[in-house]
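Structure, as structure tokens:
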Amino acid sequence: RLKCFTIYQKAQEKIGGVIMQRETIIAEFQHLQDDLKSVGYLKKDMILSSSRTMIVGTLYALPLVIIFGFVYRFLLLDHARLLEMNGLSFYIMFLAIIIVSVIIHECLHGLGWALFSGKSWSSIRFNFHAMMPSCACRIPLSREKYLIGVLLPVIVLGGSSVVFMFVHPGTVSVLTMIVNIILSGADIMIATSVIKEKGALIVDHPIEAGYVAFIKR
């Protein structure tokens, strides 16, 4: 009983710590917004739910997946290296590709913002929310600098996965291409919105997908 109670108590403490950390992050985000509004900026929310981000982001990525899928099917399949695996081994490989791609993807967001924020990595926060890691910039950025961080995974990871598919066509490379293009869909969607925010300061949402634009009155 004592052992069970100790485990339960530790679990409560851990959950409480996560809740407190979330509240601290939200409070910091709100304080930043209040500071910008106090010096004459108007606020414009562009925050998306996780489900909407996943669905709409996939729709943005789908045309690219279809195009490169046709290229693979009609130009590369004849000399592709197809792995003879099925069942559990296939799903383990696919899961490994997803996990590695997601981690690198979020690190590239952080790298882009860290390089151009002027604050290095101190301006970056990595989170784990809804069973997924994410990266957010803690300070306001110009539209151009924010776009660099948003699009860096598309350019580096998406581009390199397509090159990988051409150089070594096969099961691993085509799955890597599909995963990384789909992961980039939400970034492309956000970028198409951010590019319209001329003259705005962009504040990345610390937890949810999207941003808040602040425009000087």
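Restricting attention to region 204-217, the residues that are within 15 Å of the chain's Cα centre (by Cα) and in a strand (DSSP E or B) add up to 4. If you filter region 34-70 down to residues that are of a type in the set (G, A, S) and free of Cβ contacts under 8 Å to residues at least 24 places away in the same chain, you find that the one that is nearest to V179 (Cα to Cα) is S51. Among the candidates I104, I148, I55, the residue that is β-branched (V, I, T) and over 26 Å from F164 (Cβ atoms) is uniquely I55.
Assess whether V163 counts as being open to solvent by 30 Å² or more (accessible area, probe 1.4 Å) and free of Cβ contacts under 8 Å to residues at least 12 places away in the same chain. The answer is yes for V163.
You will find that of S122, S101, S89, the residue that is open to solvent by less than 40 Å² (accessible area, probe 1.4 Å), polar (S, T, N, Q) and in a helix (DSSP H, G or I) is S101 and no other. Considering only region 182-201, I want to know if a residue exists there that is polar (S, T, N, Q), in a strand (DSSP E or B), open to solvent by 20 Å² or more (accessible area, probe 1.4 Å) and within 15 Å of L48 (Cβ to Cβ). No, that holds for no residue. Please verify whether M54 is in contact with a His (Cβ under 9 Å, 6 or more places away or on another chain), open to solvent by 60 Å² or more (accessible area, probe 1.4 Å) and either closer than 30 Å to S173 by Cβ or outside any helix (DSSP H, G or I) (or both), treating the condition exactly as stated. In short, no.
The values are calculated or read from the model by the stated rules, or taken from the named source; none is laboratory data. Just so it is clear, the structure is predicted and the values come from calculations on it, not from any experiment. Backbone-built Cβ (ideal geometry, glycine too); neighbour counts: all protein chains shown. Surface accessibility is based on the protein's heavy atoms, side chains included, excluding ligands, DNA and RNA. Shrake-Rupley method; radii C 1.70, N 1.55, O 1.52, S 1.80 Å.
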